[in-house]
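Structure record follows, encoded as structure tokens.
Please treat every number below as a calculation from the coordinates, not as lab data. Treat the numbers as computed from the prediction; the structure is a model and nothing was measured. Every residue, glycine as well, gets a Cβ built from its backbone with ideal geometry; the counts of neighbours run over all protein chains shown.
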Amino acid sequence: MKERIVFHIDVNNAFLSWTATLLLKQGYKQDIRKIPSIICGDEKERRGIVLAKSPIAKKFGIVTAETIYSAKKKCPSLQTFPPNYEWYSKNSKALFKYLSQYSPNLEQFSIDECFMEMTGTSYLYKDYQELAYKIKEEVKEKFGFTVNIGIANNKLCAKMASDFEKPDKIHTLFKNEIETKLWPLDVGDLFMVGKKTKEQLNKINIYTIKDLALASDNLLEKHFKNQAKHLKEAAWGIDNSKVEPRSNKRDSISTTETLNHDYTDETKLKEILFRQADEVSRQLRNQGEYASTVAVIFKNNQFINYSAQAKLPLPSNNTKDIYMLAIKIFDENYKKDPIRLIGIRLSGFTNKKEEQISLFSEEQSTETVENDEFQRTIDKINNKFGKSIVSPASLKFINNSNPGRKKLNKS
């Protein structure tokens, strides 16, 4: 049986690096990766937080998600630069297109990292580490930024390997290296172990990945229930998940809006949800599918995220169905805290339409058919001219006003 080989490729400090390459391309005299600098939002628009930082800025104690004000107190000479998501997306697509020449089985994990399944390509590449160095140097020369590459027998270990030391490095984490390379690390470094899980593990005297690997199953099951097996397997470097290229159709659709000030007015927040429901349901209809699950996403002024979801009685792509369930979720889960970001996410897609009577009334299916046809007509107009140019009058049921017309800053 052939030994499985997986690469994990991760752009080093992507937002800062990509901004640096753009500025140099535009004639900027300094490489912002070599000075105290940050990528950040607009402080005047209440998005003034650190999104990325240079290595020198990091030495001043600057951390991601702190305010610009706080960062500048630590380093008065700090230079700030806005993000350019269009440029980031362009770099991301170019990188993955380049990488796909080495393996057709590439899974994008985020905008700046991916997995590549290399198993079965030994007839092309005799030495995978040599190939990784070739890719690393070509990326640097071709695109002007650096990457880390992890090489392992599965996705988990490849991801862990690429994080060992940065930037511009190649690392391996094969089965025979688990005990020497993985086990000495802090248990919080294990992929998918978050802050709360680490705290729980520390409470039962598990501090390193080795401690977790050698912990008794009974102890872990007592404290982590169904998560115990996954934690134990991860500590042993076990992962059987496949590298799965993304299909053209998405398995979820979402939209969020960062607000220009903290919102506590529930009516205003529901107006935003209306427009978002209209947007995501139209995307779903364009995709030719129906959602089973609706989620509402919150971020408060302390940057604490929370969300809640619920299932529709029947899969739907109807704006009213999705909006009404979103409002129900909102009413049951909003914590009355100042909100600076809110959003809707749809998931659980199917392309089969069940007999759908209106989900929030007792009206008959004949009305639903008429509504669907009317909805499609409106979609054609909106798809041609832009987002939510036209909304059904029957959906304008918030304070007798049209909630979709209020302009907001979109993240």
>> From the phi angles alone, apply the Karplus equation (6.51, -1.76, 1.60; θ = phi - 60°) to the stretch 223-228 and give each ³J(HN,Hα) in whole Hz, x where the residue is Gly or Pro.
In response: 9, 10, 6, 5, 6, 4
>> Please state the shape class of the stretch 110-160: rounded when a/c is under 1.5, otherwise prolate if a/b exceeds b/c and oblate if not, all from the C-alpha gyration tensor.
In response: oblate
>> Set the bar at 31 Å for Cα to Cα. Now go through Lys58/Lys142; Lys74/Lys210; Lys74/Lys155; Lys53/Lys159; Lys155/Lys203; Lys53/Lys242 and name every pair that lies beyond it.
In response: Lys74/Lys210; Lys74/Lys155; Lys53/Lys242
> If eta is 1.567 mPa s and T is 4 °C, what Stokes-Einstein diffusion coefficient results for the stretch 1-182, Kirkwood Rh from Cα pairs, in µm²/s?
Replying inline: 74 µm²/s
> Taking N as the number of residues in the stretch 221-313, what is its alpha-carbon radius of gyration divided by 2.2 N^0.38 Å?
Replying inline: 1.50
> Where Lys and Arg each count +1 and Asp and Glu each count -1, what net charge lies around Tyr128 among other residues with Cβ under 13 Å from its Cβ?
Replying inline: +1
> Antiparallel as a % of all DSSP beta bridges within the stretch 37-159, to the nearest 5?
Replying inline: 75 percent
> Hull surface divided by four, with the convex hull built on the Cα atoms of the stretch 186-235: how many nm²?
Replying inline: 2.8 nm²
> Which entries in Lys90/Lys196; Lys195/Lys311; Lys195/Lys225; Lys140/Lys175 show an alpha-carbon gap greater than 26 Å?
Replying inline: Lys90/Lys196; Lys195/Lys311; Lys140/Lys175
> For the stretch 208-249, what is the largest minus smallest coordinate of the Cα atoms on each principal axis, given in angstrom and ordered from greatest to least?
Replying inline: 43, 19, 14
